[in-house]
Amino acid sequence: AQLHYSVPEDRETGFPVGDLAKDLGVEVRSLAARNLRLVSEGGQRHFQVDLAAGVLLLDSRLDREALCGQSPTCSLHLQLVMENPLQLHRVEVEVLDVNDNAPQFPKPEVVLEITEVANPGTRLPLEVAEDPDMGSNSISTYELSPSKHFALSINVRGDGVKMPEIVLEKALDREKVPVHHLTLTALDGGNPMKSGTAKVTIHVLDANDNPPVCDPPVSKVLLEENVPVGTLVTKLNVTDLDEGPNGDMEYSFKTSNNAPGKFTKLFSLDARTGEIRTKAPLDYEESSAYEIAVRARDKGSPAMEGHCHLRVELIDINDNSPEIVLTSVSSPVQEDATPGTVIALIGVKDSDSGDNGQVRLQIAKELPFKLVSSFKEHFSLVTSGPLDREKASGYNITVRAVDSGSPQRATQKTFYLRIADVNDNAPNFSSPFDTAHIQENSLPGTSVFSVSASDPDEGSNAKLSYSILDNGMQDVPISTYFRIDQDNGTIYTVRALDYEQDKVFQVPVEVKDAGSPALSSTAVVHVFVLDENDNAPNIVYPSVPKGSAFHQAIPALAEPGYLVTKIVAVDADSGHNAWLSYQLQESAEALPFQVERRSGEIRVAQALRESEDSHRLVVEVRDNGTPSLSASVVIIISPEENSVQDFSKSLDLPQSSPKDTNLTLYLIISLVSISLVSCVMFGLVAARC
């Protein structure tokens, strides 16, 4: 080009581009003559020539970006043709860029996506902003709105184009900020500087980086033990900040393979909703609380899980009666046990808790026992008073346990306590004095009497043995007369008794038990010997040898009633057996004598004849026993002329009188006296006892 001009693109029409006349070296007035004309290359007319001034003017406003695009240089070539002479001049007009365009992004809003688990340093390329201007007026730099997570990085391409990139500087968390809104600004280098912006929306893509979370992680639920099956226990509050499948959860019980939780048999879990319900009856006494572990697993890949811990505490209901446990029972117990002696150890338990498990023990107040608390839930049953087996040989003891629940529940247990005998009672005779009678001459071994004693004790303490004591009251030991069966108390004779020798015996009998120490008591048996007619009358006067006769002389003229003699006889027996009667044995001839039946006096019954021979009388003395025994004496009475002897004077006998003639009366009086003395003695002994 011969001529070179430059013109800013933003000049108005008519703006002088260059002085052609001067630059061509021609005069201005010759330009018209030489017919200067302008020929534009490309057929577009952008310039015109002012022939009057010889200046090249803009014919239209230039737009460098339209003319040259992104070409680094923009020149318009013109041809000037002048005639006379014909000359062709080439003119190059450089269109200078003016910062008349602001940077502009292809899209006003850019949407980007990045996973939340992207590592810091991850780059997100951005579209380059466009600026038709060139040079310093083109894109100079980019700016990014402030962000905690992102920064802007600008790389220069080989062709000099600056490439903006968003760089991740800090780890993302979609659950905190799911979308980031940024503004990207493109700045050119013009003056004044122009800029263009684009909204950058960065969506953080969810990654399964959040496990399900229980709120609260550990919770507690109170539940009555008697709730019906199917009762809702709780609904787990579990959240997962992830979304989509990463946030969808399934619930399951967490158990150990070696020890599966017992709660799985009692509770059910809805895998979708997380509702926990009862599926079996609950029993506080079996377990007062349950620890339930629940696993919440999302459906991400890989799946993540959270854990919830639920403690279900049961509220006790008074649904259990107290239980009485007889730990130990000392049966039998000695009746002489002192007050406070432990009889039984009793335990009580109630599976309920609190007031429902507080138990009181009771026994009947009238029993001689009381309950003493040893320590918690253990009691001792002790004696509270004296025991007497003879009054009560045992006790049915009913122990009643009552809890403090509402309503109260009670149970009772009855056991029998036997009272063991102690030898605290001496044997006791039915009577301290007894009377027995036995015929004399009874055979040895004859049963005389059976004493009877009783002992309210039992066992060996009530096993009685009888014995006869020698009290020295007889000259000969009593054991020589009697013996006693030690088992049944029957008294037997040892030898035949003789009434005439001993009429009454005092037999002291002792009864002794087999206790330790042995106790005893005594009784006296008065054994009266009953007389037996075993003695024949004994004629004491006249005393003549056996086989001889007694000779008695009487006056020959003795009148009737005259006392010839008196037969005196005695009988060792007593009573009827000793009542004697006198009589003459019958003879062939009638005798003039008679014998007084009771007194034994022999008197003249009728007048005697003169020179009458001696008379032989056989006087028989007979007792009143059964069978009757008798004795006789032969008396020869000889009447004599000179015999005037009075019988009463010839004998050393008292005159016959009513008192002397009835020997039986004396015997009766003696027997009565002995009886009275015995009664007085018995009374004194009884008083001492």
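The values are calculated or read from the model by the stated rules, or taken from the named source; none is laboratory data. None of the values given here were measured: they were computed from a predicted structure. Every residue, glycine among them, receives a Cβ derived from its backbone with ideal geometry; neighbour counts consider all protein chains shown. Please note that ligands, DNA and RNA were not included when accessible areas were found on the heavy atoms of the full protein model with its side chains. Shrake-Rupley method; radii C 1.70, N 1.55, O 1.52, S 1.80 Å.
This table checks each residue for (1) under 24 Å from SER581 (Cβ atoms); (2) surrounded by 15 or more Cβ atoms within 10 Å (Cβ to Cβ).
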{"residue": "THR522", "(1), (2)": "no, yes"}
{"residue": "VAL525", "(1), (2)": "no, yes"}
{"residue": "VAL529", "(1), (2)": "no, yes"}
{"residue": "GLU532", "(1), (2)": "yes, yes"}
{"residue": "PRO545", "(1), (2)": "no, no"}
{"residue": "ILE554", "(1), (2)": "yes, yes"}
{"residue": "ALA558", "(1), (2)": "no, yes"}
{"residue": "LEU563", "(1), (2)": "yes, yes"}
{"residue": "LYS566", "(1), (2)": "yes, yes"}
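Of all residues being without any contact (Cβ under 8 Å) to a residue 40 or more places away in the chain and open to solvent by less than 20 Å² (accessible area, probe 1.4 Å) in region 370-393, which is farthest from PRO339 (Cα to Cα)? Just the residue, please.
SER380
Inspect all residues belonging to region 341-357 and state whether any of them is of a type in the set (Ser, Thr, Tyr) and either closer than 30 Å to GLU458 by Cβ or without any contact (Cβ under 8 Å) to a residue 24 or more places away in the chain (or both). Walk me through how you get there before you give the answer.
If we filter region 341-357 for residues that are of a type in the set (Ser, Thr, Tyr), which is where we start, we get 341, 351, 353.
After this cut, where a residue has to be either closer than 30 Å to GLU458 by Cβ or without any contact (Cβ under 8 Å) to a residue 24 or more places away in the chain (or both) as well, the list is 341.
Yes.
Test each condition in (1) surrounded by fewer than 18 Cβ atoms within 10 Å (Cβ to Cβ); (2) modelled with pLDDT of 90 or more for GLU130 and report the one that comes out false.
For GLU130, the failing item is (2).
Please find, within region 134-192, the residue that is farthest from GLU9 (Cα to Cα) out of those that are in contact (Cβ under 8 Å) with a residue 60 or more places away in the chain and among the acidic types (Asp, Glu).
GLU175
Taking the options GLN585, GLN594, name whichever one is in contact with a strand residue (DSSP E or B) (Cβ under 8 Å, 6 or more places away or on another chain) and without any contact (Cβ under 8 Å) to a residue 24 or more places away in the chain.
Details: GLN585 fails: without any contact (Cβ under 8 Å) to a residue 24 or more places away in the chain.
When all the criteria are applied, what remains is GLN594.
Considering only residues that are outside any loop (DSSP other than H, G, I, E, B) and either modelled with pLDDT under 90 or open to solvent by less than 50 Å² (accessible area, probe 1.4 Å) (or both), which ones fall in region 296-306?
In the first step, residues of region 296-306 are kept if they are outside any loop (DSSP other than H, G, I, E, B); the result is 296-298, 305-306.
Selection gives ALA296, ASP298, GLU305, GLY306.
Output the number of the condition that GLU313 fails; it satisfies all remaining conditions of (1) in a strand (DSSP E or B); (2) acidic (Asp, Glu); (3) under 16 Å from the mean Cα position of the chain (by Cα).
Going through (1) in a strand (DSSP E or B); (2) acidic (Asp, Glu); (3) under 16 Å from the mean Cα position of the chain (by Cα) one by one, GLU313 breaks only (3).
Is it the case that ASP188 is closer than 30 Å to ALA171 by Cα, surrounded by 15 or more Cβ atoms within 10 Å (Cβ to Cβ) and either modelled with pLDDT of 90 or more or not β-branched (Val, Ile, Thr) (or both)?
Details: closer than 30 Å to ALA171 by Cα: no; surrounded by 15 or more Cβ atoms within 10 Å (Cβ to Cβ): yes; either modelled with pLDDT of 90 or more or not β-branched (Val, Ile, Thr) (or both): yes.
Against the criterion (closer than 30 Å to ALA171 by Cα, surrounded by 15 or more Cβ atoms within 10 Å (Cβ to Cβ) and either modelled with pLDDT of 90 or more or not β-branched (Val, Ile, Thr) (or both)), ASP188 does not qualify.
Can you name every one of the strands (runs of 3 or more DSSP E) wholly within region 483-578 that holds 1 or more residues which are small (Gly, Ala, Ser) and in the same structural domain as ALA631 (by the TED database)?
Details: elements: 490-493, 504-513, 520-530, 538-541, 549-555, 563-566, 568-570.
Qualifying strands (runs of 3 or more DSSP E): 549-555, 568-570.
Given the residues ARG45, ARG61, ARG11, which is the only one that is more than 23 Å from GLY190 (Cα to Cα), open to solvent by 30 Å² or more (accessible area, probe 1.4 Å) and either without any contact (Cβ under 8 Å) to a residue 60 or more places away in the chain or not aromatic (Phe, Trp, Tyr) (or both)? Lay out the reasoning, then the answer.
Details: ARG61 fails: more than 23 Å from GLY190 (Cα to Cα); ARG11 fails: more than 23 Å from GLY190 (Cα to Cα).
Exactly one of ARG45, ARG61, ARG11 is more than 23 Å from GLY190 (Cα to Cα), open to solvent by 30 Å² or more (accessible area, probe 1.4 Å) and either without any contact (Cβ under 8 Å) to a residue 60 or more places away in the chain or not aromatic (Phe, Trp, Tyr) (or both), namely ARG45.
Limited to region 579-602, what total is found for residues that are outside any loop (DSSP other than H, G, I, E, B) and either open to solvent by 100 Å² or more (accessible area, probe 1.4 Å) or within 22 Å of ASP534 (Cα to Cα) (or both)?
Applying the first criterion (outside any loop (DSSP other than H, G, I, E, B)) to region 579-602 yields 580-584, 593-595, 601-602.
Next, from what is left, pick out any that are either open to solvent by 100 Å² or more (accessible area, probe 1.4 Å) or within 22 Å of ASP534 (Cα to Cα) (or both): 580-583, 594.
Residues in region 579-602 being outside any loop (DSSP other than H, G, I, E, B) and either open to solvent by 100 Å² or more (accessible area, probe 1.4 Å) or within 22 Å of ASP534 (Cα to Cα) (or both): 5 in total.
Which residue, of LEU67, LEU62, LEU38, is in a helix (DSSP H, G or I) and not assigned by the TED database to the domain that holds LYS199?
Numbers: LEU62 fails: in a helix (DSSP H, G or I); LEU38 fails: in a helix (DSSP H, G or I).
When all the criteria are applied, what remains is LEU67.
Considering region 318-342 alone, what residues qualify as being part of a loop (DSSP other than H, G, I, E, B) and over 28 Å from GLU224 (Cβ atoms)? Full working, then the answer.
Here is the first cut: in region 318-342, the ones part of a loop (DSSP other than H, G, I, E, B) are 318-322, 330-332, 335-341.
Within region 318-342, SER330, SER331, PRO332, GLU335, ASP336, ALA337, THR338, PRO339, GLY340, THR341 meet the criteria.
Kindly check whether there is at least one residue in region 505-514 that is open to solvent by 60 Å² or more (accessible area, probe 1.4 Å) and over 30 Å from PRO592 (Cβ atoms).
Going through region 505-514, the residues open to solvent by 60 Å² or more (accessible area, probe 1.4 Å) turn out to be 512.
Imposing the further condition that a residue be over 30 Å from PRO592 (Cβ atoms) reduces the set to 512.
Yes; the residues of region 505-514 include at least one that is open to solvent by 60 Å² or more (accessible area, probe 1.4 Å) and over 30 Å from PRO592 (Cβ atoms).
Search region 14-29 for residues that are assigned to a helix (DSSP H, G or I) and pair each with any residue that is exposed (fewer than 15 other Cβ atoms within 10 Å of the Cβ) and among the charged types (D, E, K, R) when their beta-carbon atoms are under 8 Å apart and the residues are at least 6 apart or on different chains.
Once the first residue is assigned to a helix (DSSP H, G or I) and sits in region 14-29, its partners that are exposed (fewer than 15 other Cβ atoms within 10 Å of the Cβ) and among the charged types (D, E, K, R) give ALA21/GLU27.
Condition check: in the same structural domain as THR115 (by the TED database) and of a type in the set (Gly, Ala, Ser). Does SER195 satisfy that?
Numbers: in the same structural domain as THR115 (by the TED database): yes; of a type in the set (Gly, Ala, Ser): yes.
Taking the combined requirement at face value, the residue satisfies it.
Is it the case that some residue within region 236-247 is more than 26 Å from LEU205 (Cα to Cα) and assigned to a strand (DSSP E or B)? Don't jump to the end; show me each part of the working.
Of all residues in region 236-247, those more than 26 Å from LEU205 (Cα to Cα) come to 236.
Now drop any that are not assigned to a strand (DSSP E or B), which leaves none.
No, region 236-247 contains no residue that is more than 26 Å from LEU205 (Cα to Cα) and assigned to a strand (DSSP E or B).
Please work out which residue is farthest from ALA171 (Cα to Cα), limiting yourself to region 204-249 and to residues that are surrounded by 18 or more Cβ atoms within 10 Å (Cβ to Cβ) and of a type in the set (Asp, Glu).
In this case the residue turns out to be GLU225.
Of the numbered conditions (1) over 21 Å from GLN408 (Cα atoms); (2) crowded, with 18+ Cβ neighbours inside 10 Å; (3) not small (Gly, Ala, Ser), VAL359 satisfies every one except a single condition; which is it?
(1)
Would you check which residues across region 603-641 are in a strand (DSSP E or B), without any contact (Cβ under 8 Å) to a residue 40 or more places away in the chain and more than 11 Å from GLN552 (Cβ to Cβ) and list them?
Narrowing region 603-641 to residues in a strand (DSSP E or B): 603-604, 615-623, 630-640.
Cutting the leftovers down to without any contact (Cβ under 8 Å) to a residue 40 or more places away in the chain gives us 615, 617-618, 620.
Scanning region 603-641 gives VAL618, GLU620.
Give the residue that is nearest to the chain's Cα centre (by Cα), with candidates limited to residues of region 611-627 that are farther than 20 Å from SER587 by Cβ and surrounded by 13 or more Cβ atoms within 10 Å (Cβ to Cβ). If you could, list the steps in order and put the result at the bottom.
Within region 611-627, the subset farther than 20 Å from SER587 by Cβ is 611, 623-627.
Next cut, surrounded by 13 or more Cβ atoms within 10 Å (Cβ to Cβ) only: 623-625.
On the way: ASP623: 94, ASN624: 92, GLY625: 89 Å.
Ranking the candidates gives GLY625 first.
From the set of residues in region 259-284 that are part of a loop (DSSP other than H, G, I, E, B), surrounded by fewer than 16 Cβ atoms within 10 Å (Cβ to Cβ) and in contact (Cβ under 8 Å) with a residue 24 or more places away in the chain, which is farthest from the chain's Cα centre (by Cα)? Walk me through it before giving the result.
First, the residues of region 259-284 that are part of a loop (DSSP other than H, G, I, E, B): 259-261, 266, 270-274, 279-284.
After this cut, where a residue has to be surrounded by fewer than 16 Cβ atoms within 10 Å (Cβ to Cβ) as well, the list is 259-260, 270-273, 279-281.
Subsequent filtering for residues that are in contact (Cβ under 8 Å) with a residue 24 or more places away in the chain retains 273, 279-281.
Working: THR273: 42, LYS279: 28, ALA280: 25, PRO281: 22 Å.
That would be THR273.
Condition first: surrounded by 14 or more Cβ atoms within 10 Å (Cβ to Cβ) and closer than 20 Å to SER404 by Cα. Now tell me which residues in region 339-354 satisfy that.
Those that are surrounded by 14 or more Cβ atoms within 10 Å (Cβ to Cβ) and closer than 20 Å to SER404 by Cα: ILE346, GLY347, VAL348, LYS349, ASP350, SER351, ASP352, SER353.
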